[in-house]
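Everything on this sheet refers to the single structure shown next.
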Amino acid sequence: QVQLVESGGGLVQAGGSLRLSCAPSVRTFSSYAMGWSRLAPGKERELVAGISWSGGSTNYGDSVKGRFTISKVSAENTVYLQMISLKPEDTAVYYCAADLRDLMDTRPLNSDSHPHYWGQGTQVTVSS
């Protein structure tokens with residue numbers, strides 16, 4: 001089974017930036033739509049960004065549009081989340097997810113998706 005490994009989380013001041021990375025533990029030739037969700041204490045899980053298996057289509061949560069950018073290296077099934085202008089409300093555990101797709105399926109991961117695989121999460125803390 002594919003295992004996803006996240007990295008790049010940490011502590012940053014408000015207004016700063018971070019880049020999260022997610023990659024499978026072993027090389028896979030399958031096609032996966034991928035994305036990032038976050039979970040903060042006392043809040044519901046939120047899909048912040050999704051991308052299609054080819055990287056050609058993306059989807060963002062309203063709270064992060066204009067600040068976060070998701071990208072993917074399709075051949076490696078590696079996904080990145082570039083975060084700028086971070087706010088204290090962005091503090092959460094960020095989870096990478098991957099959903100196996102047919103090659104003709106161009107949809108990005110979205111809030112209605114039920115991904116096949118999840119990473120262990122990486123903590124992002126934004127101080128004020």
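The values are calculated or read from the model by the stated rules, or taken from the named source; none is laboratory data. Keep in mind that this is a model prediction, so the values were computed, not measured. Because the Cβ atoms are built from the backbone with ideal geometry, glycine has one as well, and the counts that use them run over all protein chains shown. Heads up: the accessible areas ignore ligands, DNA and RNA and are worked out on the full protein's heavy atoms, side chains in. Shrake-Rupley method; radii C 1.70, N 1.55, O 1.52, S 1.80 Å.
Brief remarks follow.
- Restricting attention to the stretch 96-128, the residues being out of contact with any helix residue (DSSP H, G or I) (no Cβ under 7 Å at 6 or more places or on another chain) and either under 21 Å from Ser25 (Cβ atoms) or buried (at least 22 other Cβ atoms within 10 Å of the Cβ) (or both) number 17.
- Among (1) in a strand (DSSP E or B); (2) under 23 Å from Ser127 (Cβ atoms); (3) open to solvent by 30 Å² or more (accessible area, probe 1.4 Å) - the single one Val48 does not satisfy: (3)
To keep it simple, each residue is scored yes or no on (1) among the acidic types (Asp, Glu); (2) within 15 Å of the chain's Cα centre (by Cα).
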position	(1), (2)
Gly8	no, yes
Ala14	no, no
Val26	no, no
Phe29	no, no
Met34	no, yes
Lys43	no, no
Glu46	yes, yes
Ala75	no, no
Tyr80	no, yes
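- Residue within the stretch 77-95 that is surrounded by fewer than 18 Cβ atoms within 10 Å (Cβ to Cβ), touching a Leu at 6+ places or on another chain (Cβ under 8 Å) and among the charged types (D, E, K, R) present: no
- If you go through the stretch 51-71 and keep only what is open to solvent by 30 Å² or more (accessible area, probe 1.4 Å) and not in a loop (DSSP other than H, G, I, E, B), you end up with Thr58, Asn59, Tyr60, Thr69, Ser71.
- Test for Ser37: is it within 18 Å of Gly119 (Cα to Cα), among the polar types (S, T, N, Q), touching a residue at least 12 places away in the same chain (Cβ under 8 Å) and part of a strand (DSSP E or B): yes
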